[in-house]
Amino acid sequence: MGMTMTQKILARHCGLPSVKAGELVEAKLDLVMGSDVTTPIAIQEMEKYCLETVFDPEKIVLVMDHFAPNKDIQSAQNCALVRQFAQRTGIAHFYDGGRMGIEHALLPEQGFAAPGELIIGADSHTCTYGALGTFSTGIGSTDMAAGMYAGKSWFRVPAAIQVNLTGAFPPYVGGKDLILALIGMIGVDGARYKSIEFTGEAVSRIPIDDRFAVCNMAIEAGAKNAIFPVDQITLDYLAGRVTRSFSPAAADPDASYVCTIDINLSQLRPLLAAPHLPSNVKAAEHFRGLPVDQVVIGCCTNGRISDLRMAARILRGRKVARRVRCIIIPATQETYLQAMEEGLLEVFVRAGATVSMPTCGPCNGGHVGVLADHERCVSTTNRNFVGRMGAKNSEIYLASPAVAAACAVAGMIVSPEEVK
């Protein structure tokens, strides 16, 4: 029996000719990533066992993004602890202040992820890098500590779900709608500890930013990881970013899948995930007329330049409704600069939106947009759990940048094509 893309990558990193779903393996790591939230715990674990060195300072990336720039004394202390650890162990890839960005946008942008590589990160949305044909998955802080020290981690080889894509995205529909549609179909545990592997003739029509958005939210279906095949779109993105050699993995023709799910992109519509699960998915028009208090456009799911361009397309020449606080969060400094050069930031400000520095900010209820009691937010972030962005009785509706921008203008939930 052949292997899937994910299984091939794991086999290579274990030094084995093949692996099978369900097997426990120990694999070498190409990169370990942590944030200002998860790294302090990993450091404490290393100190508990008197582990003073890391396996390779060049293969660890630490990004201060969740509560940075520091929102309070505790977040400042956490960042200081990580900063001192990086200096002590010689970790050069420490991102803070004007160099930082939201980790899952920053790492691909800076060339830290490549096809065929194996990456772990102490954040559940590390599965984002599967857009580049990488096996990447989220782990806990204790596993991060072990990975930083040993350069290895253990895995149970995941079985795979094949998602076969046909057709092409209609106007105002993109990667966020695709992954919401999939999660709505299979539920938040429908891919539990499985690899979601995307195939089909439509893959070549899906832009790289949409692939990042899709893979980012695979964890919301319970998946261990998600992965796209490497094609010219992938290679074009990697050009000038990744100079080291890499070896993409392709699934064998006889690879085994738990099931195959067919999705025709042409039949997708602008979608929303209503409170309080990412699987509570319906067409945007189903919620039409619900008043909106806040709109957030950004985060590791949809804070890239194409997302900002789509938001600007709708906001240009229009005004954010007076009842709405619209917050735009470019995912990285590079994205911020590009948006500025293209005039997008002016569009946002003239529309009445607030433009933030790169930060996770409101996504996990950190800062820059925490919700009050009974407030409703339409957000391009990836989770809408109870109390995720603030008060426990607030509501989060997950959506694409197109839907979010349209709601900001209308002051209520609408589909993008309804904005006049």
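What about Phe385, is it aromatic (Phe, Trp, Tyr) and modelled with pLDDT under 95? Write out each step before concluding.
Values: aromatic (Phe, Trp, Tyr): yes; modelled with pLDDT under 95: yes.
Against the criterion (aromatic (Phe, Trp, Tyr) and modelled with pLDDT under 95), Phe385 qualifies.
For Thr38, state whether it is of a type in the set (Ser, Thr, Tyr), open to solvent by less than 20 Å² (accessible area, probe 1.4 Å) and touching a Ser or Thr at 6+ places or on another chain (Cβ under 7 Å). Break it down into steps so the answer makes sense when it comes.
Details: of a type in the set (Ser, Thr, Tyr): yes; open to solvent by less than 20 Å² (accessible area, probe 1.4 Å): no; touching a Ser or Thr at 6+ places or on another chain (Cβ under 7 Å): yes.
It is false that Thr38 is of a type in the set (Ser, Thr, Tyr), open to solvent by less than 20 Å² (accessible area, probe 1.4 Å) and touching a Ser or Thr at 6+ places or on another chain (Cβ under 7 Å).
Against the condition touching a helix residue (DSSP H, G or I) at 6+ places or on another chain (Cβ under 8 Å), assigned to a loop (DSSP other than H, G, I, E, B) and either over 27 Å from Pro253 (Cα atoms) or hydrophobic (A, V, I, L, M, F, W, C) (or both), how does Val19 come out, does it pass?
Values: touching a helix residue (DSSP H, G or I) at 6+ places or on another chain (Cβ under 8 Å): yes; assigned to a loop (DSSP other than H, G, I, E, B): yes; either over 27 Å from Pro253 (Cα atoms) or hydrophobic (A, V, I, L, M, F, W, C) (or both): yes.
Against the criterion (touching a helix residue (DSSP H, G or I) at 6+ places or on another chain (Cβ under 8 Å), assigned to a loop (DSSP other than H, G, I, E, B) and either over 27 Å from Pro253 (Cα atoms) or hydrophobic (A, V, I, L, M, F, W, C) (or both)), Val19 qualifies.
Residues Val19, Val32: which one is aliphatic (A, V, I, L, M) and within 24 Å of Arg244 (Cβ to Cβ)? Walk me through it before giving the result.
Details: Val19 fails: within 24 Å of Arg244 (Cβ to Cβ).
Criteria check complete, one pass: Val32.
Which condition does Trp154 not pass, out of (1) assigned to a strand (DSSP E or B); (2) within 17 Å of the chain's Cα centre (by Cα), if it passes all the others?
(2)
Mind checking which residues of the stretch 213-228 are touching a Gly at 6+ places or on another chain (Cβ under 8 Å) and either crowded, with 19+ Cβ neighbours inside 10 Å or touching a residue at least 40 places away in the same chain (Cβ under 8 Å) (or both)? First the steps, then the outcome.
Initially, the stretch 213-228 is screened for residues touching a Gly at 6+ places or on another chain (Cβ under 8 Å), giving 213-215, 218-219, 221-222, 225-228.
Ala213, Val214, Cys215, Ala218, Ile219, Ala221, Asn225, Ala226, Ile227, Phe228, listed by residue number.
Being within 19 Å of Glu334 (Cβ to Cβ), open to solvent by less than 10 Å² (accessible area, probe 1.4 Å) and either among the aliphatic types (A, V, I, L, M) or at pLDDT 95 or above (or both) narrows it down to one residue among Leu118, Leu106; which is it? Break it down into steps so the answer makes sense when it comes.
On the way: Leu118 fails: within 19 Å of Glu334 (Cβ to Cβ).
Of the residues listed, the single one that is within 19 Å of Glu334 (Cβ to Cβ), open to solvent by less than 10 Å² (accessible area, probe 1.4 Å) and either among the aliphatic types (A, V, I, L, M) or at pLDDT 95 or above (or both) is Leu106.
Conditions tested, residue by residue: (1) in a strand (DSSP E or B); (2) free of Cβ contacts under 8 Å to residues at least 40 places away in the same chain; (3) crowded, with 18+ Cβ neighbours inside 10 Å; (4) in contact with a Cys (Cβ under 8 Å, 6 or more places away or on another chain).
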position: Asp65; (1), (2), (3), (4): no, no, yes, yes
position: Cys79; (1), (2), (3), (4): no, no, yes, no
position: Gln84; (1), (2), (3), (4): no, yes, no, no
position: Ile91; (1), (2), (3), (4): no, yes, yes, no
position: Gly98; (1), (2), (3), (4): no, no, no, no
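Working only within the stretch 307-332, note down all residues that are out of contact with any strand residue (DSSP E or B) (no Cβ under 6 Å at 6 or more places or on another chain), in a helix (DSSP H, G or I) and buried (at least 18 other Cβ atoms within 10 Å of the Cβ).
Asp307, Leu308, Met310, Ala312, Ile314, Leu315 - these are the residues of the stretch 307-332 that are out of contact with any strand residue (DSSP E or B) (no Cβ under 6 Å at 6 or more places or on another chain), in a helix (DSSP H, G or I) and buried (at least 18 other Cβ atoms within 10 Å of the Cβ).
Would you confirm whether or not the stretch 405-415 contains a residue that is surrounded by 17 or more Cβ atoms within 10 Å (Cβ to Cβ), farther than 23 Å from Gly101 by Cβ and under 21 Å from the mean Cα position of the chain (by Cα)?
no
Tell me whether the stretch 350-363 contains one or more residues that are surrounded by fewer than 22 Cβ atoms within 10 Å (Cβ to Cβ), of a type outside the set (Lys, Arg) and touching a Ser or Thr at 6+ places or on another chain (Cβ under 7 Å). Give the derivation first.
The initial filter retains those residues of the stretch 350-363 that are surrounded by fewer than 22 Cβ atoms within 10 Å (Cβ to Cβ), namely 350-352, 354-357.
Checking the rest, the ones that are also of a type outside the set (Lys, Arg) come to 351-352, 354-357.
Next, from what is left, pick out any that are touching a Ser or Thr at 6+ places or on another chain (Cβ under 7 Å): none.
Taking every residue of the stretch 350-363 in turn, none turns out to be surrounded by fewer than 22 Cβ atoms within 10 Å (Cβ to Cβ), of a type outside the set (Lys, Arg) and touching a Ser or Thr at 6+ places or on another chain (Cβ under 7 Å).
Enumerate the pairs (first residue in the stretch 282-302 and at positive phi and crowded, with 24+ Cβ neighbours inside 10 Å; second residue anywhere and modelled with pLDDT of 95 or more and part of a strand (DSSP E or B)) with beta-carbon separation below 7 Å, excluding pairs fewer than 6 apart on the same chain, so at least 6 apart or on different chains.
Gly298/Ile328; Gly298/Ile329; Cys299/Ile329
When the stretch 37-63 is examined, which residues are found to be among the hydroxyl-bearing types (Ser, Thr, Tyr), part of a loop (DSSP other than H, G, I, E, B) and touching a strand residue (DSSP E or B) at 6+ places or on another chain (Cβ under 8 Å)? Explain how you work it out, then say what you get.
Restricting attention to the stretch 37-63, the residues satisfying the condition of being among the hydroxyl-bearing types (Ser, Thr, Tyr) are 38-39, 49, 53.
Imposing the further condition that a residue be part of a loop (DSSP other than H, G, I, E, B) reduces the set to 38, 49, 53.
The answer is none; no residue qualifies.
With the checklist (1) within 21 Å of the chain's Cα centre (by Cα); (2) surrounded by 15 or more Cβ atoms within 10 Å (Cβ to Cβ); (3) in a helix (DSSP H, G or I) in hand, flag the one item Ser204 doesn't pass.
Just one mismatch for Ser204, condition (2).
Quick grid of which residues meet (1) touching a Gly at 6+ places or on another chain (Cβ under 6 Å); (2) among the small types (Gly, Ala, Ser); (3) touching a residue at least 24 places away in the same chain (Cβ under 8 Å):
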residue	(1), (2), (3)
Thr332	yes, no, yes
Leu345	no, no, no
Pro362	yes, no, yes
Phe385	no, no, yes
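Of everything in the stretch 260-273, what is surrounded by fewer than 20 Cβ atoms within 10 Å (Cβ to Cβ), touching a strand residue (DSSP E or B) at 6+ places or on another chain (Cβ under 6 Å) and of a type outside the set (Lys, Arg)? Give them in sequence order.
Thr260, Ile261, Asp262, Ile263, Asn264
In the stretch 247-257, is there at least one residue being touching a strand residue (DSSP E or B) at 6+ places or on another chain (Cβ under 9 Å), crowded, with 18+ Cβ neighbours inside 10 Å, in contact (Cβ under 8 Å) with a residue 24 or more places away in the chain and assigned to a helix (DSSP H, G or I)?
no
Output the number of residues of the stretch 26-49 satisfying the condition of being among the acidic types (Asp, Glu) and under 10 Å from Thr142 (Cβ atoms).
Of the residues in that region, 1 qualify.
Can you tell which of Asp231, Asp189, Asp210 is under 21 Å from Ser379 (Cα atoms) and open to solvent by 10 Å² or more (accessible area, probe 1.4 Å)? So that I can check it myself, show each step before the final result.
Values: Asp231 fails: under 21 Å from Ser379 (Cα atoms); Asp189 fails: under 21 Å from Ser379 (Cα atoms).
One residue alone meets the criteria, Asp210.
The values are calculated or read from the model by the stated rules, or taken from the named source; none is laboratory data. It should be emphasised that the depicted structure is a prediction, and the values quoted were computed from it without experimental measurement. Note: ideal-geometry Cβ built from the backbone for every residue, glycine included; neighbour counts use all protein chains shown. Just so you know, the surface numbers come from the protein's heavy atoms only, side chains and all, with ligands and any DNA or RNA stripped out. Shrake-Rupley method; radii C 1.70, N 1.55, O 1.52, S 1.80 Å.
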